[in-house]
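Engineer: Below are the C-alpha cells for one structure; questions will follow.
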Amino acid sequence: MRQPLVGVLALTLFVASGTVAASRCVLPVPDGGDITPSPASLIGKIVSVTPGQLLVRRKGAAKPLRIVVAPSTELFTVYGGDFDAQELRPGQHVLIWYKDCSVPMRRLPVAAVLQVCSLAPEPCPT
C-alpha cells in the first residue's frame, strides 16, 4: 500500500514544481530588455504619498491600497528613465510589481518595481 502512495506523492511534487517554474516572477527592467515581464501586480493612480509608502487606487476600486516603496524598489518611467522617490506625486499613473509578484499575507505589499507613466499626472500610453 505504501508504494502507490509514494508514486502519487512524487507525481504531485513533480506537477507542483512545474507550476512554480511556469509561474515565476519576471520583473521589468529599464529600457525593456529581452525578457517579457510578468503582468503588473497593480495598475492605478497615486492618491497620496508619504515617506516610504503610497496609496494607490485601482480603476473601479472603492478603497486605495497602501504600498511600501522601499530603498530597494526600482523606480523608472515606462520609457526607461529612472527617477527619485521624492518625485512621486498624487495623480501619477503607476504600474507596480510586488516583491515576488505576489500579495503577501498579513503585511503590506512591497513594490519591487514601480513604473510611472509620466512624472506629470498623465495616463499611460496605449
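The values are calculated or read from the model by the stated rules, or taken from the named source; none is laboratory data. Everything numeric here is computed off the predicted structure, so don't read it as measured data. Cβ sites come from the backbone with ideal geometry, for glycine too, and all protein chains shown count toward neighbours.
Engineer: Give the residues of segment 103-116 that are at pLDDT below 90 and within 20 Å of Leu27 (Cα to Cα), sorted by residue number.
Structural biologist: Val103, Pro104 - these are the residues of segment 103-116 that are at pLDDT below 90 and within 20 Å of Leu27 (Cα to Cα).
Engineer: Right, next: Those residues that are in contact (Cβ under 8 Å) with a residue 40 or more places away in the chain and either under 13 Å from Ala40 (Cα atoms) or over 16 Å from the mean Cα position of the chain (by Cα) (or both), I need them from segment 97-108; list them, please.
Structural biologist: Answer for segment 97-108, where residues must be in contact (Cβ under 8 Å) with a residue 40 or more places away in the chain and either under 13 Å from Ala40 (Cα atoms) or over 16 Å from the mean Cα position of the chain (by Cα) (or both): Trp97, Tyr98, Asp100, Cys101, Ser102, Val103.
Engineer: Mind listing just one residue for me: the one in segment 67-77 that is under 19 Å from Cys25 (Cα atoms) and β-branched (Val, Ile, Thr) and, of those, surrounded by the fewest Cβ atoms within 10 Å (Cβ to Cβ)?
Structural biologist: In this case the residue turns out to be Val68.
Engineer: Checking Lys63 against (1) part of a strand (DSSP E or B); (2) more than 21 Å from Asp31 (Cα to Cα): exactly one of these is not met. Which one?
Structural biologist: Going through the list (1) part of a strand (DSSP E or B); (2) more than 21 Å from Asp31 (Cα to Cα), Lys63 breaks only (1).
Engineer: Under the condition of being at pLDDT 95 or above and among the polar types (S, T, N, Q), which residue from segment 61-85 is nearest to Val47 (Cα to Cα)?
Structural biologist: Thr73
Engineer: Report every pair of residues separated by at least 6 positions or lying on different chains whose Cβ atoms are under 7 Å apart, first residue within segment 52-70 and in contact (Cβ under 8 Å) with a residue 40 or more places away in the chain, second among the polar types (S, T, N, Q).
Structural biologist: Arg66/Gln53; Ile67/Gln53; Val68/Gln53; Val69/Gln53
Engineer: Of the residues in segment 95-113, how many are in a strand (DSSP E or B) and under 15 Å from Pro37 (Cβ atoms)?
Structural biologist: The first filter runs over segment 95-113 and keeps only residues in a strand (DSSP E or B), leaving 95-98, 110-113.
From what's left, under 15 Å from Pro37 (Cβ atoms): 95-98, 111-113.
Of the residues in that region, 7 qualify.
Engineer: I want to confirm something. Restricting to segment 85-121 and keeping residues that are charged (D, E, K, R) and under 16 Å from Ser48 (Cα atoms), which single residue is surrounded by the fewest Cβ atoms within 10 Å (Cβ to Cβ)? Reasoning before the result, please.
Structural biologist: Going through segment 85-121, the residues charged (D, E, K, R) turn out to be 87, 89, 99-100, 106-107.
Add one more test, that the residue is under 16 Å from Ser48 (Cα atoms), and what stays is 87, 89.
Numbers: Glu87: 11, Arg89: 13.
Filtering segment 85-121 for residues that are charged (D, E, K, R) and under 16 Å from Ser48 (Cα atoms), the one surrounded by the fewest Cβ atoms within 10 Å (Cβ to Cβ) comes out as Glu87.
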